[in-house]
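Below: one structure, written as structure tokens.
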Amino acid sequence: EGKAVTAQSNVLHEGTGKEVIMTVVALKDGADMAGALVGFINYEFFDEIMEECSATGIDNLAAYIMDNRGIIFGHTEEGKIGTKVQNSVILEVIDRLEKGESVEKGGVSYNYKGETKFAGYYVIPDSEWIICLSVSESEIIHPVRSTEKKAYFIILLQCILVCIFATLLTGFLVKPIRVTNKVLNKIADLDFKLQDSYRKYAEKKDETGEMCESICIVADSLRGEMRHINTVSEKLTDTAQVLSKIAVSVTKSSENNAA
């Protein structure tokens with residue numbers, strides 16, 4: 001075009017029938033153009049570069065490069081070389097370039113053969129070649145779904161651990177109360193004998209321990225009073241027996257006096 005700048009061509013056909021890209025580097029002598037260095041690059045070179053394109057966490061990534069007419073000359077998939085791009089988004093970019101609009105880069109979603117896909121593209125300023133990366137929605141959503149499943153599993157595991165901990169803690173707190181309730185029922189039935197397994201709860205320094213200790217004191221006091229009552233009762237029984245004998249003797253004396 002008469003400009004002393006580096007330029008790249010669109011797709012060309014070499015004499016051998018191979019499709020190539022031509023790069024022209026201007027050679028300057030001061031302000032004058034002394035000549036040009038021309039290089040031809042086969043499609044296979046770009047194909048190998050596209051195969052090395054990858055994105056973290058995405059296995060099936062389509063990467064391709066095309067000229068400003070939409071002819072693909074490098075693609076991660078086989079059989080795409082030399083074909084025209086079918087991506088509606090890229091076709092719109094090409095149409096804008098033909099109209100002389102300035103297009104640099106962008107990212108969009110589109111529908112291809114009934115499948116939703118996401119694409120990111122970049123237009124090289126000098127040559128207007130277009131580099132595009134596209135991936136299906138399912139490929140992007142899969143890591144998210146996988147992360148969600150892991151998060152749900154972790155939450156479920158945490159809930160189970162919390163329930164187990166709560167059960168153990170509840171048992172630890174409730175068991176002394178249950179034992180205390182049994183002891184109170186025994187005291188209500190006038191059974192004041194306390195097992196050693198219950199007295200160990202009275203040794204604790206928490207509220208249930210203080211309650212158990214108080215009940216032990218009450219039970220011991222009542223047991224002492226019952227022993228005292230039993231002793232008095234035995235004495236009363238002996239006295240009653242003596243009084244009974246005296247009564248019998250008085251009765252006999254009365255009968256004698258009556259006679």
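Work out the P(r) tail for region 1-159: percent of alpha carbon pairs separated by more than 21 Å, whole number.
Values: 7124 of 12561 pairs.
Distances greater than 21 Å cover 57 percent of the Cα pairs.
Given Cα pairs under 8 Å that are at least 6 residues apart, what percent is the relative contact order of region 23-147? Could you put the intermediate results ahead of the total?
Values: 198 pairs, mean separation 23.8, N = 125.
Relative contact order for region 23-147 comes out at 19 percent.
Can you list the GluC sites (Glu not before Pro) in region 30-113 that are in a DSSP coil and have 12 or fewer other beta carbons within 10 angstrom?
Glu52, Glu78, Glu101, Glu104
With the Cα gyration tensor of region 34-119 giving a ≥ b ≥ c as the square roots of its eigenvalues, does the rule (a/c under 1.5 for rounded; else a/b larger than b/c for prolate; else oblate) give rounded, prolate or oblate?
Oblate.
Within 10 Å, count the other beta carbons around each residue, average over each peptide in 123-133, 224-234, 63-73, and list them highest first. Don't skip to the end; give the middle numbers.
Working: 123-133: 17.1, 224-234: 10.6, 63-73: 20.6.
Highest mean packing first, the order is 63-73, 123-133, 224-234.
If I take R0 = 35 Å and measure r between the Cβ atoms of Phe40 and Ser138 in this structure, what FRET efficiency does the formula 1/(1 + (r/R0)^6) give, to the nearest 0.05?
That pair, Phe40 with Ser138, gives E of 0.30.
With label points built 7 Å along Cα→Cβ from the Cα atoms of Ile164 and Ser102, find their separation and express it in nm.
6.4 nm
Every number in this text was worked out from the coordinates using simple rules, so none of it is lab data. Since the model is a prediction, treat every value here as computed from it, not as a measurement. Cβ: placed from backbone, ideal geometry, glycine included. Neighbour counts: every protein chain shown.
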